[in-house]
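Novice: One structure, as structure tokens, below. Some questions next.
The values are calculated or read from the model by the stated rules, or taken from the named source; none is laboratory data. Everything numeric in this text was worked out from a predicted model, so none of it was measured. Cβ atoms come from the backbone with ideal geometry, glycine included; neighbour counts cover every protein chain shown. Each accessible area value is taken on the protein alone, full model and side chains, heavy atoms only, with ligands, DNA and RNA left out. Shrake-Rupley method; radii C 1.70, N 1.55, O 1.52, S 1.80 Å.
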Amino acid sequence: MRYGIISDIHGNLEALQAVISACRQEGVRRFYCVGDIVGYGANPNECIEYLQSLKATAVAGNHDWAAIDRLGIEQFNSAAAQAIEWTKKYLTEPSKKYLQQLKLVEEDDGFIIVHGSLNRPEEFLYIQDITHTADTFYLMKKPICFIGHTHVPQVYIKSGHNLQLGNQSTFHIHPEQKIIINVGAVGQPRDGNPMAVYCIYDPDLQRIELKRVAYPIALTQKKMIEAGLPDVLAKRLSIGQ
Ligand code: ZN
């Protein structure tokens, strides 16, 4: 069994379709989503329906909670806040129900998924560098934790007391290690590469890969602008920032 782990779809249906078909071509049969299914993009309902059709296991992100009024938007910048207002109007009742029942943390075959960090997951704290990883490593009851939230793919490896950044895109997990993997963003990458990011975990080989796939960005941008979402959110997709 190979698992596909994705995050930060943000209502970008074209990017979601591209990562799912890339995963399927690589033999992935089971999917996990690390939060922020909605917010920013023009197709929040369609992305939710697609995840449901895949029977994906998902956790809530800060945008998912903001869209159903479980989190205030004071921390959001003005374009993000406008997109949340747009999303609230556009979400169907079944989509709202789906977002309501999402947990903040899920566990499976040797791994955990959480949007921000394991400490106070309801606050959606950011793990942006190695100094932010201590609490999550401490709380991990399993060797692997997949996160999202920053939209930047990143790997943190703990071997005994030694912490390091993993900068390769494919790596093997050794039994004495714990690993936090930020699986980047499907729908709005921010590491300077506009291609959608996805992660494949193969428990038999104890191998994790971070991968990229192209998608029709111009079509996504056109839909966002026609929907009345802020231009800046559409434009940044071209440069992955
Ligand atoms: Zn996000």
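Novice: Whether any residue in segment 16-35 is within 11 Å of the ligand (Cβ to nearest atom), in contact with a helix residue (DSSP H, G or I) (Cβ under 8 Å, 6 or more places away or on another chain) and under 14 Å from GLN101 (Cα atoms) is what I want to check.
Specialist: Step one: filter segment 16-35 for residues within 11 Å of the ligand (Cβ to nearest atom), giving 34-35.
Subset that is in contact with a helix residue (DSSP H, G or I) (Cβ under 8 Å, 6 or more places away or on another chain): 35.
After this cut, where a residue has to be under 14 Å from GLN101 (Cα atoms) as well, the list is 35.
Scanning segment 16-35, I find at least one residue that is within 11 Å of the ligand (Cβ to nearest atom), in contact with a helix residue (DSSP H, G or I) (Cβ under 8 Å, 6 or more places away or on another chain) and under 14 Å from GLN101 (Cα atoms), so the answer is yes.
Novice: In segment 140-168, how many are within 16 Å of the ligand (Cβ to nearest atom) and not in a loop (DSSP other than H, G, I, E, B)?
Specialist: Residues that pass the stated criteria total 3.
Novice: Another question about this same structure. Give me a count of the residues in segment 86-118 that are more than 16 Å from the ligand (Cβ to nearest atom), assigned to a loop (DSSP other than H, G, I, E, B) and either open to solvent by less than 50 Å² (accessible area, probe 1.4 Å) or in contact with a helix residue (DSSP H, G or I) (Cβ under 8 Å, 6 or more places away or on another chain) (or both).
Specialist: 4
Novice: Name the one entry in ILE200, ILE157, ILE144, ILE208 that is among the aliphatic types (A, V, I, L, M), open to solvent by less than 30 Å² (accessible area, probe 1.4 Å) and without any contact (Cβ under 8 Å) to a residue 24 or more places away in the chain.
Specialist: ILE157 is the lone residue from the list that is among the aliphatic types (A, V, I, L, M), open to solvent by less than 30 Å² (accessible area, probe 1.4 Å) and without any contact (Cβ under 8 Å) to a residue 24 or more places away in the chain.
Novice: Being among the basic types (Lys, Arg), modelled with pLDDT of 95 or more and buried (at least 17 other Cβ atoms within 10 Å of the Cβ) is the requirement here; does LYS235 meet it? Lay out the reasoning, then the answer.
Specialist: Details: among the basic types (Lys, Arg): yes; modelled with pLDDT of 95 or more: yes; buried (at least 17 other Cβ atoms within 10 Å of the Cβ): no.
In short, no.
Novice: Can you find, within segment 11-42, the residue that is surrounded by the most Cβ atoms within 10 Å (Cβ to Cβ) among those that are part of a loop (DSSP other than H, G, I, E, B) and over 16 Å from the mean Cα position of the chain (by Cα)?
Specialist: In this case the residue turns out to be ALA42.
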